[in-house]
Amino acid sequence: MAEGPGHAHAHGGAGPVFRLALVANGVLLVVQVVGALLFGSLALLADTVHQGSDVFALVVASVAMSLSARTPSDRYSFGLRRAEVMAALLNAVLLVAAAGWIVVEATRRIGDPPEVSGWGVFTVAVVGLCVNGSSAWMLQRSGDQSLNVSGAALHLLSDAAGSFGVLVAGLAVVLWEAAWVDPAVSFLIAGLVLWSGVGLVSRTTHILLEGTPAGVDTNELTNAMTSHESVDDVHHLHVWAVDSTMVALSAHVVVAADSLHDAQLVGAEVEGSLVELGVSHVTLALECHSCGEDRGAAGSGEAG
């Protein structure tokens, strides 16, 4: 078994940023709730719903970050590394649900838009754009490439785009008294939220179903192992992601070696070549002949 540099999370830089983003977005959520109630804007209310999911996403992501950092135990041999994937999936489901609610409410209002305070909506939208945009920028600059952090940053970026849409709706009311723009923008925000949520659902379920990680070519991994002069065959190859940063591999490798010690040396060299290709956790079963030959020999013995 070998573990490469990718085995560890780079959560150290993201932790303080998470806490700062959580405080800033918590304050913004209160401001948006008050603004949505005072100014009568569905677009602002839709963005507030998204903002609420952002705050919840940051809370869940922070908890998941702590859980995934725990050391492995007898009960959880990989630790709680998939806590971040579960958190990202929960965030994604919330986004999809929020998008559905926004569409229903916008459909109800599009034919009879209520009176909206344009300047109030515009002011709150500017604040939201600044807070979400800066929070997403800080998370992306933290150096943490995990799905958990990426999911939280995606939340914030999509909400920043939503705030820009709210800003446009506010200006439309101020400049042209076009109140219909408010529910129309709400549809656009719903589409943005849905796109973010569906994409995140797809990525997280792929990990939970132990699909081959994105960017990993199983043929390339097989070729890297069989290219070793002492490797005759590779079979029962499995590649999966433990979490968004840790790629694991297991395989049966037929080795031409005169002793167990020589076979172990070959296995170590093969593991090293896999680590160079981005596999963090390698488990190889070394064999002197293929599993099929083993079964054939066993069958012959029974027949005899």
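The values are calculated or read from the model by the stated rules, or taken from the named source; none is laboratory data. From a predicted model like this one, the values you see are computed outputs, not experimental measurements. Here Cβ is always computed from backbone atoms with ideal geometry, including for glycine, and neighbour counts include all displayed protein chains.
A few comments on the model shown:
- Summed over region 62-94, the residues that are in a loop (DSSP other than H, G, I, E, B) and under 30 Å from residue 45 (Cβ atoms) give a count of 0.
- Cross-chain or 6+ apart pairs with Cβ under 7 Å, region 24-48 first and of a type in the set (Asp, Glu), then surrounded by 16 or more Cβ atoms within 10 Å (Cβ to Cβ) and assigned to a helix (DSSP H, G or I): 47/32; 47/128; 47/159; 47/162; 47/163; 47/166; 47/189
- Residue among 135, 66 that is crowded, with 17+ Cβ neighbours inside 10 Å, under 17 Å from residue 22 (Cα atoms), hydroxyl-bearing (Ser, Thr, Tyr) and out of contact with any Phe, Trp or Tyr (no Cβ under 7 Å at 6 or more places or on another chain): 135
- Qualifying residue in region 48-57 (condition: under 21 Å from the mean Cα position of the chain (by Cα), outside the structural domain of residue 247 (by TED's automatic domain parsing), aromatic (Phe, Trp, Tyr) and on the phi < 0 side of the Ramachandran plot): yes
- Count of residues meeting criterion [over 13 Å from residue 242 (Cβ atoms), surrounded by fewer than 19 Cβ atoms within 10 Å (Cβ to Cβ) and not acidic (Asp, Glu)] in region 69-87: 5
- Pairs meeting the criteria (first residue in region 77-98 and outside the structural domain of residue 248 (by TED's automatic domain parsing), second residue at pLDDT 85 or above and crowded, with 21+ Cβ neighbours inside 10 Å, beta carbons under 6 Å, at least 6 apart or on different chains) are 85/204; 85/207; 88/204; 89/204.
- Residue satisfying all of: in region 109-135; among the polar types (S, T, N, Q) and assigned to a helix (DSSP H, G or I); farthest from the chain's Cα centre (by Cα) among these: 123
- Residues that are of a type in the set (D, E, K, R) and either within 14 Å of residue 121 (Cα to Cα) or without any contact (Cβ under 8 Å) to a residue 24 or more places away in the chain (or both), drawn from region 158-192: 177, 182
- Residue among 198, 193 that is crowded, with 23+ Cβ neighbours inside 10 Å and farther than 30 Å from residue 257 by Cβ: 193
- Test: residue in region 70-78 that is at pLDDT 75 or above, more than 30 Å from residue 122 (Cβ to Cβ) and of a type in the set (Gly, Ala, Ser): yes
- Residue match in region 95-104 (condition: part of a loop (DSSP other than H, G, I, E, B) and exposed (fewer than 15 other Cβ atoms within 10 Å of the Cβ)): no
- For region 6-18, the criterion of being over 22 Å from residue 191 (Cα atoms), modelled with pLDDT of 75 or more and exposed (fewer than 15 other Cβ atoms within 10 Å of the Cβ) is satisfied by at least one residue.
- Given (1) out of contact with any Leu (no Cβ under 6 Å at 6 or more places or on another chain); (2) within 17 Å of residue 213 (Cα to Cα), number of the condition residue 239 does not satisfy: (1)
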